[in-house]
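Taking it in order: structure first as structure tokens, then the write-up.
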Amino acid sequence: MVQIRTGLLFGSFNPPHLGHLIIAGHMLNEAHLQEVWFVVTPQNPLKEQHQLIDARHRLKMTQLAIEGDQRIKVCDVEFNMPRPSYTIDTLRVLTTQPHDRFFSMIIGSDIVCELNKWKDVEQITQLVEFLVYPRLHASCAPMVSDFPLSWVEAPVIEISSSFIRKSLSRKQDVRYLLPAAVLEYITRHQLYEGNDLQ
């Protein structure tokens, strides 16, 4: 049976931005993936919950962000799981369900140094391969990692959700950092207007 090569890009998507889409598109081209799933995490165990807006808003914005590209899908599997969400638990759900996919996990090079903090990371490496894209100021070089990694040449994208949140709280123009549909949704629902969400 031929398996579909599927990349998993986990994130809070708070909010989803053009950097996420650029990385997904580049991985589709350079890592020979056939599709990429944006796995929206309702509650990341390594992030402060008060910085996250309601998960339903983040899910909807992510759905709006990927409209028009059938190769990119939104995965809400963690919305039906205990919180906070641990990657290993999500992968166990995805890989034990009947499917015809070979999963790869897309991470930035800045995450490589944190892999040893992940719950059951050794088991994660048995379920998926890691595809790593470069991030500016990342301190871990490929030879440093204790885990099997595939390093993919990709543009260094320094758009961050935290920068966008801060800009929005200051009422600055972010139209070139977000898909238009996402910005319209943020404006309509008056999201990220408080300094407590930076």
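Principal-axis analysis of the Cα atoms of the chain puts helix 18-30 at an angle of about 30° to the longest axis. Evaluate the relative contact order of the chain (contact order divided by residue number), counting alpha-carbon pairs under 8 angstrom at least 6 apart; express in whole percent. With pairs under 8 Å counted, the relative contact order is 26 percent.
When the chain is described by a simple charge dipole with +1 on each Lys and Arg Cβ and -1 on each Asp and Glu Cβ, the residue from Phe38, Leu115, Ala180 located farthest towards its positive end is Ala180.
Mind checking the per residue accessible area of segment 16-124 for me, 1.4 Å probe, whole number of Å²?
Averaged over the residues of segment 16-124, the accessible area is 48 Å².
Calculated from the structure at hand, Rg and Dmax of the Cα atoms in Å is found among (i) 15.3, 42; (ii) 16.5, 53; (iii) 16.1, 45 as (ii). Local charge sum around Arg71 (other residues, Cβ-Cβ under 14 Å, Lys/Arg +1, Asp/Glu -1)? That works out to -1. Seen against the Cα atoms of the chain and their longest principal axis, helix 55-65 is set at about 80 degrees. Counting only protein heavy atoms and a probe of 1.4 Å, the accessible surface of the chain is 50% carbon and sulfur.
The charge dipole of segment 29-138, taken about its Cα centre with unit charges on the Cβ atoms of Lys, Arg (+1), Asp and Glu (-1) only, comes to about 260 debye.
In segment 16-141, a dipole from Cβ-located charges (positive for Lys and Arg, negative for Asp and Glu) runs towards its positive end, and of Thr87, Met61, Thr125 it is Met61 whose Cα lies farthest in that direction. Every helix of 4 or more DSSP H residues in the chain counts as -39500 (n - 2.57), and over all residues that averages to -9000 deg cm²/dmol at 222 nm. Here the chain is treated with +1 on each Lys and Arg Cβ and -1 on each Asp and Glu Cβ, and its dipole about the Cα centre works out to around 480 debye.
The values are calculated or read from the model by the stated rules, or taken from the named source; none is laboratory data. Note that the structure is a prediction, hence the values are computed from the model and not measured. Note that we place each Cβ from the backbone using ideal geometry, even for glycine, and neighbour counts take in every protein chain shown. Accessible surface is based on the protein model in full, side chains and every heavy atom, while ligands, DNA and RNA are left aside. Shrake-Rupley method; radii C 1.70, N 1.55, O 1.52, S 1.80 Å.
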